[in-house]
Amino acid sequence: MLVNLIEHRACEGLLSLIEDINRTKASAWGLAVVKKQYIRWTGSDAFALAIRPALEDTVEAKIFTGEDGMVYITWLGMQRRTYQRICAIVGTMLRPGVTLEPEAVVAYFDPQVMGNEISTLLRTKKENQVRPLSAEAGRDAPAVSNGAEHPLKASPAQMRQFHNALLQRPLRKQLQVLVVEDQQLLRRLLLEVLRGHHAVDAVSGMREGWENYLQKAHDIAFLDIGLMDGDGHTLARAIKQLDPLAYIVIVTAHDSLEELEVARSNHTDGFIVKPYSQQQIADCVQRYQAARETWTKKPSRP
Amino acid sequence: MTAQLDFTELRKITGGDEMMESELFQVFLDSAQECLSILRETYGQGAENTWRGQAHAFKGISLAVGAVELGTLCKKAQENHLAPPEEKKKMLAAIEKELAEVEHLVKKEMH
């Protein structure tokens, strides 16, 4: 692993990231943006030293500190695990009593989305012409989100709350689970299966589910497809676009291949056909816990 | 036809808690009646999507309480949502009959 600490204009760093992505033709790049004002900032070297353990399993990584009050961390490989580690470390560096604003720590994994975001950042800075990402970048691997439009939006206040919850997620002692199911009986059954071991929020509608997720950034979300005010696929897509690390399981009585394909294209993490057994739900939770352990595992030192 | 009920999975969830089971059965019966009344209202109106949606919901709750045969009839109704009203009427009659039997068995369990 190679970590470069580069102290220069942020736009140069971002442009070099575009070049890196084009050069490696890899889709496994991650970009995290941290606002300096929310953390105890004692200089670039100290920050790099603190964040370094999060980057140990990456192929290469760079930290750019810009004059714009942002720190940009880019890395290749181990996207999820690295992001979790960055969040966990940044979570310990927050200033006391700080209220996080949107985009305090944001991660981008999809090269296309990342390219668009970088373009926006650069346009904002009005310092450079933007070069587009090469078409080959990330072609082989699926993006985190399929990028399709969805009607679910979040206000700045909701985004603040979401980012706050997101930072707390790796540190929680108890899993937060969201159940979105419009049938009272099925909602109640799922609640009974999960209750006792986890903190569960059970709601009946898509919008209610969305608002709940923005509040708590749940560890796992079980989503039914057919909902009164929308559908679980749309909700899954919205959540994955906002939070690529979200763990979403579709729970449905629709057993068609088409539904499975849509779920796949939204990069959901599980698909359970009703009637489900208690064991199937327990297995899902276990798979999530195993995955989380991998993302957050402390790297072994030689 | 004798209704088939398999409470195995439900009992794993309730852990044999009779009060909880009664509550869940009551929720099932209420929801089933709701679904049934919408199916009754829509079978002759050409409201195919509503019919399909309700049959789908009905299937989900039936299978959840272990009413396998009822779930199968609802699945058939869901898949044949474009069928003419006369056929839907027959499907509806079969569902009503099966639900009556299931209700009888469920109420026996509740007492």
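The values are calculated or read from the model by the stated rules, or taken from the named source; none is laboratory data. Treat the numbers as computed from the prediction; the structure is a model and nothing was measured. Note that each Cβ is placed from the backbone with ideal geometry, even for glycine, and that neighbours are counted across all protein chains shown. Only protein heavy atoms, including side chains, enter the accessible area calculation; ligands, DNA and RNA are left aside. Shrake-Rupley method; radii C 1.70, N 1.55, O 1.52, S 1.80 Å.
For B:Ala67, the amide hydrogen comes within under 5 Å of the amide hydrogens of B:Asp6, counting only partners 5 or more places away or on other chains and with H modelled in the peptide plane. Computed with the Debye formula from one identical point scatterer per Cα of segment B:8-110, without solvent, the log10 of I(q)/I(0) at q = 0.13, 0.20, 0.21 Å⁻¹ comes to -0.45, -0.92, -0.99.
Which pairs, out of A:Lys240/B:Lys59; B:Lys76/B:Lys107; A:Lys36/A:Lys173; A:Lys216/A:Lys240, put more than 24 Å between their alpha-carbon atoms?
With Cα atoms farther than 24 Å apart: A:Lys240/B:Lys59; B:Lys76/B:Lys107; A:Lys36/A:Lys173.
Note on A:Arg172: accessible area approximately 40 square angstrom, rounded to 10, probe 1.4 Å, nucleic acids and ligands left out.
Computed from Cα positions, the angle between helix B:48-64 and the longest principal axis of chain B comes to roughly 20 degrees. Placing +1 on the Cβ of every Lys and Arg and -1 on the Cβ of every Asp and Glu, with nothing else charged, gives segment A:156-296 a dipole about its Cα centre of roughly 620 debye.
What's the long-distance tail for segment A:149-205, i.e. % of Cα pairs beyond 15 Å?
62 percent
The mean of 1/r over all distinct Cα pairs in segment A:156-296, once inverted, gives the Kirkwood hydrodynamic radius of 15.0 Å.
Helix B:85-110 versus the longest principal axis of chain B: what angle, 0 to 90°, nearest 10, using Cα atoms? It works out to around 10 degrees. Per-residue shielding of B:10-16, expressed as the average number of other chain Cβ atoms within 10 Å of the residue Cβ, stands at 3. The phi-based Karplus calculation (6.51 cos²θ - 1.76 cosθ + 1.60; θ = phi - 60°) puts the 3J(HN,Hα) values of segment B:22-37 at 4, 4, 5, 5, 5, 4, 4, 4, 5, 5, 4, 5, 5, 4, 4, 5 Hz, whole numbers, x for Gly and Pro.
For chain B, the longest principal axis of the C-alpha atoms and the axis of helix B:68-79 are separated by about 30°. Remark: mean inter-chain Cβ contacts per residue of A:177-188 equal 4, using a 10 Å Cβ-Cβ cutoff to other protein chain atoms.
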